[in-house]
Amino acid sequence: MNNNDEKIRFDAIVVGAGLAGSAAAMVMARAGLNVALIERGQKAGGKNYFGGAIYTHAIGEVLPDYMERKPPFERPVTEAGFWFLSKDGGLTRMTVQGGKLANEPADAYMASRAVFDVWWAEQAQKAGALLIPKTSVVDVIWDGEQVVGVKTDRAQGDVYAPVVIVCEGVNNLLTQKLGLIDHDLEPAHMALAFKQVIALPMDTINARFGLPDDQHGLAVSVLGDVSLGLPGMGFVYTNKTSVSVGLGVMLDAVVEYKLKPYEILQRYLRHPAIAPLVKGGQLMEYGAHLIPEGGYRDMPKLYTGGAMVAGDAASMVNALHWEGTNMAIVAGELAGETAVAAHQRGDFSAQSLSQYEARLKDRFILQDMKQYRNFAHFLETHPTFMDAYPGFVNDALGQFFSAYGMPKKTLFKNILGSLTSRRQLMKAVGDILSMGRAVMGW
Amino acid sequence: MKTGDAFSVKTLPQELQESLPDVYVDDLLVSLKYFIDEEQSHLKIKDHAVCARCEHKPCIDFCPVGVYSLAHDGKIQVAYQACVECGSCRVGCPYKNIEWTLPRGGFGVAYKFG
């Protein structure tokens, strides 16, 4: 037996200083626990990549005075919605602005994860957590049925704590080592997302996107002629002096069609509706990341003796609503609270940590995940869904607002024809019903 | 997606396939910041004989940063230095023939924006 005094000990270990990890560390440190927040990157967020936007309801829940702490947000999301690109270069916009989107602080802000996550981890450090960067966790340490620490790739790198919160991200190596899931996620359940961050002057962004100033920003999902008719979706986010343009395509399609992601992205950037928006911009960063979109059915068991898992590692993503960051933050918070309660009880058994799952069930996280449990399967079995309908919307609106010198009866017949040429009418009705079943539980 | 020897490829309609522009991936990689581990690769081919048997070698295409390419001797070569650690090859290789580990702490891609 080792001499206990020689071991590096904490009250809790968090693996990964992303949104979930730093939230968990913040909650535990505030409650007086001695927390190690271990991050493999040079800095927090250095491995993270998203569209994207961050929801303030989640930030505010963990850190009520977040605005006073000057988060490094980009523009607020003041206009959001969908764009539909047509094959002949057309663009249909369906966005909302004003109303709830005029709230201050905004419901969501554009952000860069490599910048935002540094600030988020700093809040955990200010609460008293110790951030240990440049350290990869390679395994967990067991004592019988109980996790009692982690092995890192540092010399004498074993670190001990009675509770470990794993927020390792989509590549769930530790979650598998914990025995919480016994397989890799299927390529058909993961989106490969890739984007370019393109620098443009602030005034240019304002003019091109119809934004009055840098306190207004646009976030849209882009459908239609984006992902080659394969299950996928594009996005455009406006930062202060850059735009993020990219798309996600289901990984199995990228593999099976032997596609080069950067070619799909370049094709999208050259679409006549997108090219003028990024013209003259300078590439600041290209990158790629996987998104676990398998939903509830792909979620691992969420706890075992001495350990819990949160965020992407637990597939906490609602693909339809592009939610994930908010779930990660709240799940990290709930895991942290569970660890604090376990310390109060002095009981870190699986039974004690099962409280984490109970807390998730009380909140939108497990409720939404369960509600949408069939959605991933729906997309898998309806691969044309993301292609046929956006194409129809473009056609329908295009025809509706064009004077062809034809009777309107013929016009509506044509519009209907435009739908039925893509999808038989009965199948379209079937799509709506199965989508309803998948999302609303009809 | 079928795996192993049952893996097969699909083809896009010709018009769509031809609409894909040629992109030189290195032009994109220059925008990325890396701390390169000169001593060891975090990506390894488990068994080169399996790659030799793999008819379609989709990794050469689907890796978003072009880590995998065919060497003159017909072997798959691994430019791990360009890896952004997305994990696509870890789960996407039809033969699960890639040993994917995390780069040592501090090494690998270091996103500036993310």
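Pick from A:Leu185, A:Leu397, A:Leu366: which residue has the top mean-square fluctuation in a GNM of chain A where Cα pairs under 10 Å get a spring?
Among A:Leu185, A:Leu397, A:Leu366, the largest mean-square fluctuation in the Gaussian network model of chain A belongs to A:Leu397.
Treating the angle as unsigned and between 0 and 90°, give the value, to the nearest 10°, between the Cα long axis of helix A:385-400 and the longest Cα principal axis of chain A.
40
Could you sort A:34-44, A:305-315, A:277-287 so that the peptide with the highest average Cβ count within 10 Å comes first and the rest follow in order?
Details: A:34-44: 25.3, A:305-315: 28.9, A:277-287: 18.2.
Per-residue Cβ counts within 10 Å, averaged per peptide and sorted highest first, yield A:305-315, A:34-44, A:277-287.
Report the net charge of residues surrounding A:Lys177, where surrounding means a beta-carbon distance below 14 angstrom and charges are Lys +1, Arg +1, Asp -1, Glu -1. Let's see the in-between values first.
On the way: positive: A:Lys151, A:Lys301; negative: A:Asp139, A:Glu168, A:Asp182, A:Asp184.
After counting each charged neighbour, the total is -2.
Per residue of B:80-86, count partner chain C-beta atoms within 10 Å of its C-beta, then hand back the mean as an integer. Working shown, then result.
Values: counts 0, 0, 0, 0, 7, 9, 14.
The mean count of partner-chain Cβ atoms within 10 Å per residue comes to 4.
What are the ³J(HN,Hα) values, in whole Hz, obtained from phi via the Karplus relation 6.51 cos²θ - 1.76 cosθ + 1.60 with θ = phi - 60°, for each residue of the stretch A:336-344 in sequence order, with x given for Gly and Pro?
x, 4, 5, 5, 4, 5, 5, 5, 4
Mark the label point 7 Å from the Cα of B:Leu32 along Cα→Cβ and return the residues of the stretch A:163-187 whose backbone N is within less than 19 Å of it.
Hits in the stretch A:163-187 for B:Leu32 at 19 Å: A:169-172.
Report the equivalent ellipsoid semi-axes for the stretch A:247-398 in whole Å, largest first, defined as the square roots of five times the eigenvalues of the gyration tensor built from alpha carbon atoms. Before the final figure, lay out each step's value.
Details: eigenvalues 303, 68, 41 Å².
Taking √(5λ) for each eigenvalue gives 39, 18, 14 Å, largest first.
Using a simple charge model, +1 on the beta-carbon of Lys and Arg, -1 on the beta-carbon of Asp and Glu, nothing else, what dipole does the protein assembly as shown show about its Cα centre, in debye to the nearest 20? Mind dumping the intermediate values first?
On the way: 53 positive and 60 negative charges, 221 e Å.
The calculation lands at about 1060 debye.
Which residue, A:Leu334, A:Leu416, A:Leu91, has the most motion in a Gaussian network model of chain A that connects Cα atoms within less than 10 Å?
A:Leu416
How much of the DSSP beta bridge set in the protein assembly as shown is antiparallel, as a percent to the nearest 5? Walk me through the numbers on the way to the answer.
Numbers: 61 of 83 bridges.
Close to 75 percent.
Using only atoms on other chains, find how many Cβ atoms lie within 10 Å of each Cβ of peptide A:151-159 and report the average. Display every interim value, and only then the final one.
On the way: counts 0, 1, 7, 2, 0, 0, 1, 0, 0.
Per residue, the average neighbour count from other chains is 1.
On alpha-carbon atoms, Rg over Rh for chain B using Kirkwood Rh?
Details: Rg = 15.2 Å, Rh = 15.6 Å.
Over the Cα atoms of chain B, Rg/Rh equals 0.98.
At a Cα cut-off below 13 Å, give the aspartates and glutamates reachable from A:Lys134, other chains included and same-chain residues fewer than 8 away excluded.
A:Glu39, A:Asp153, B:Asp37
Output the peptides B:10-21, A:336-347, A:260-271 sorted from most to least packed, where packing is the average of other Cβ atoms within 10 Å over each peptide's residues. Each step should come with its number before you reach the end.
On the way: B:10-21: 12.0, A:336-347: 18.5, A:260-271: 21.0.
Most protected by this proxy first, the peptides run A:260-271, A:336-347, B:10-21.
Alpha carbon centre of the stretch A:166-189 versus the stretch A:210-245: separation in Å?
About 30 Å separates the Cα centre of the stretch A:166-189 from the one of the stretch A:210-245.
Return the lysines within reach of A:Lys279: Cα separation strictly under 17 angstrom, same-chain partners fewer than 8 residues apart disregarded; answer none if there are no such residues.
Within the straight-line cut-off, A:Lys279 pairs with A:Lys195, A:Lys240.
Treating only the Cβ atoms of Lys and Arg (+1) and Asp and Glu (-1) as charged, compute the dipole magnitude of the stretch A:261-418 about its Cα centre; round to the nearest 20 debye. Please list the in-between numbers first.
Details: 14 positive and 15 negative charges, 132 e Å.
Rounded to the nearest 20 debye, it is 640 debye.
Write down, largest first, the equivalent ellipsoid semi-axes of the stretch A:187-292 in whole Å, where each equals the square root of 5 times an eigenvalue of the alpha-carbon gyration tensor. Kindly include the intermediate steps, with their values, before the conclusion.
Values: eigenvalues 136, 32, 28 Å².
Equivalent ellipsoid semi-axes, largest first: 26, 13, 12 Å.
Once you've got the GNM for chain B with C-alpha springs shorter than 10 Å, pick whichever of B:Val84, B:Val25, B:Val67 has the biggest mean-square fluctuation.
Maximum fluctuation in the GNM of chain B, among the listed residues, is at B:Val25.
With a point put 7 Å past each Cα toward its Cβ, work out how far A:Asn34 is from A:Gln367 in nm, to one decimal.
The answer from the label model is 3.9 nm.
What does the average come to when, for each residue of peptide A:221-233, you count the partner chain Cβ atoms lying within 10 Å of its Cβ?
Values: counts 0, 0, 0, 0, 2, 0, 0, 6, 3, 3, 0, 0, 0.
The per-residue average across the peptide is 1.
Any chance you could give the angle, 0 to 90 degrees and rounded to 10, that helix A:19-30 forms with the longest Cα principal axis of chain A?
Its long axis makes an angle of about 40 degrees.
Show which lysines lie in cross-link reach of B:Lys44 when reach means a straight Cα distance below 16 angstrom and same-chain residues fewer than eight apart are skipped.
B:Lys57, B:Lys75, B:Lys96
Which net charge results when you count Lys and Arg as +1 and Asp and Glu as -1 among the other residues whose beta-carbon is under 11 Å from that of A:Ser86? Please report the intermediate quantities before stating the final value.
Values: positive: A:Lys87; negative: A:Asp88, A:Asp225, A:Asp395.
Neighbour charge sum, excluding A:Ser86 itself: -2.
What's the angle, to the nearest 10 degrees (0 to 90), between helix A:408-420's Cα axis and the longest principal axis of chain A?
40
Could you state, as a whole-number percent, how many of the C-alpha pairs of chain A are farther apart than 40 Å? Let's see the in-between values first.
Numbers: 21726 of 97461 pairs.
The calculated P(r) of chain A puts 22 percent of pairs beyond 40 Å.
Quick one: which of A:320-331, A:173-184 comes out on top by average Cβ neighbours within 10 Å, and what's the full order, highest first?
Numbers: A:320-331: 23.6, A:173-184: 17.5.
Listed from highest to lowest mean packing, they are A:320-331, A:173-184.
What whole number of Å gives the distance from the Cα centroid of the stretch A:5-47 to the Cα centroid of the stretch A:323-340?
Centre-to-centre (Cα) distance: 13 Å.
What pairs in A:Lys177/B:Lys112; A:Lys258/B:Lys46; B:Lys10/B:Lys112; A:Lys87/A:Lys408 have C-alpha atoms more than 27 Å from each other? Walk me through the intermediate numbers first.
Values: A:Lys177/B:Lys112 30 Å; A:Lys258/B:Lys46 21 Å; B:Lys10/B:Lys112 36 Å; A:Lys87/A:Lys408 25 Å.
Distance filter (> 27 Å) returns A:Lys177/B:Lys112; B:Lys10/B:Lys112.
Since every read-out is calculated from the coordinates, none of them should be taken as a lab result. Keep in mind the model is a prediction, meaning the values are calculated, not measured. Cβ: placed from backbone, ideal geometry, glycine included. Neighbour counts: every protein chain shown.
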